[in-house]
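Structure incoming, see below.
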Amino acid sequence: MVESFRDLRVYKRAFRAAQTIFQNSEAWPEEERYALTDQIRRSSRSVFANVAEAWRKRRYPKHFVSKLSDADAEAAETRAWLDAALGHGYIDQPSYEDLDLEYDRISGSLVKMMTSPDRWCGPAETVQEDGPSYQAASLPHTPRPTDVPTR
């Protein structure tokens, strides 16, 4: 059941990937602390943070898509920093490949959500996610401008 952004698979994946990056980057050289290490940690955390913000803005499809687009851009930035980490020898090839593939999957999920915002936006009881069926918690109905009768 999708009751909050924490229930979204894409949020969970992005959160786990950011944790993995944090753990991998703990052993990186001190001189990279305020450059590569800080940048990759920030961008990886921004992915799941933007998903959370998008969830809260799902009443407004354009805002929802905009925040998902921000999350996708941060995922791409994270992949670029992963390239740098591999190039400098700070991360081994298998770890790089696992993380790069994970961010590719995260981006794919985000693009899918952006392509079909109607599946995610609107009343909570209409939220759907591919795969196992979920039932979103019912929230009180808030009238939209189209719901309010005109005089």
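The values are calculated or read from the model by the stated rules, or taken from the named source; none is laboratory data. Please read these numbers as outputs of a predicted model, since none were measured by experiment. Neighbour counts are summed over all protein chains in view; Cβ atoms, including those assigned to glycine, are modelled from backbone coordinates with ideal geometry. SASA here: full protein model, heavy atoms, side chains in, ligands and nucleic acids out. Shrake-Rupley method; radii C 1.70, N 1.55, O 1.52, S 1.80 Å.
Mean separation of Cα pairs under 8 Å and 6+ residues apart, divided by the residue count of the stretch 1-59: what relative contact order is that in percent?
After rounding, I find 49 percent.
Short version: ³J(HN,Hα) in whole Hz for each residue of the stretch 23-33, in order, from phi by Karplus 6.51 cos²θ - 1.76 cosθ + 1.60 (θ = phi - 60°), x for Gly and Pro, what are they?
Values per residue, Gly and Pro as x: 5, 5, 7, 4, 8, 6, x, 4, 5, 8, 3 Hz.
Next question. Whose amide H sits under 5 Å from the amide H of ARG59, counting only residues 5 or more places off or on another chain, with H placed in the peptide plane?
Amide H neighbours of ARG59: GLY122.
Once phi is turned into ³J(HN,Hα) by the Karplus curve 6.51 cos²θ - 1.76 cosθ + 1.60 with θ = phi - 60°, what whole-Hz value does each residue of the stretch 8-20 show in order, with x for glycine and proline?
Computed from phi, the couplings for the stretch 8-20 are 6, 4, 5, 5, 4, 5, 5, 5, 4, 5, 5, 5, 5 Hz.
Got a sec to turn the phi values of the stretch 57-73 into Karplus ³J(HN,Hα) couplings, 6.51 cos²θ - 1.76 cosθ + 1.60 with θ = phi - 60°, whole Hz, x for Gly and Pro?
Calculated HN-Hα couplings, in order: 9, 5, 6, 10, x, 5, 5, 4, 5, 4, 5, 5, 5, 4, 4, 5, 5 Hz.
If you don't mind, there's one more thing I want to ask. Would you kindly compute the Cα radius of gyration of the stretch 1-99 and its largest Cα-Cα separation (Dmax), both in Å?
According to the Cα coordinates of the stretch 1-99, Rg and Dmax are 14.6, 45 Å.
Follow-up question, since we're still on this one. Counting only the heavy atoms of the protein chains, how much of LEU99 is accessible to a 1.4 Å probe, in Å² to the nearest 10?
For LEU99, solvent-accessible area is about 10 Å².
Amide H neighbours of LEU8 under 5 Å, at least 5 residues apart or on other chains, H built in the peptide plane: list them.
When sequence neighbours closer than 5 places are left aside, there are no close amide H contacts.
Okay, next question. Lys/Arg Cβ at +1, Asp/Glu Cβ at -1, dipole of the stretch 1-119 taken about the Cα centre: which of LEU82, TYR96, VAL51 is farthest positive-ward?
VAL51
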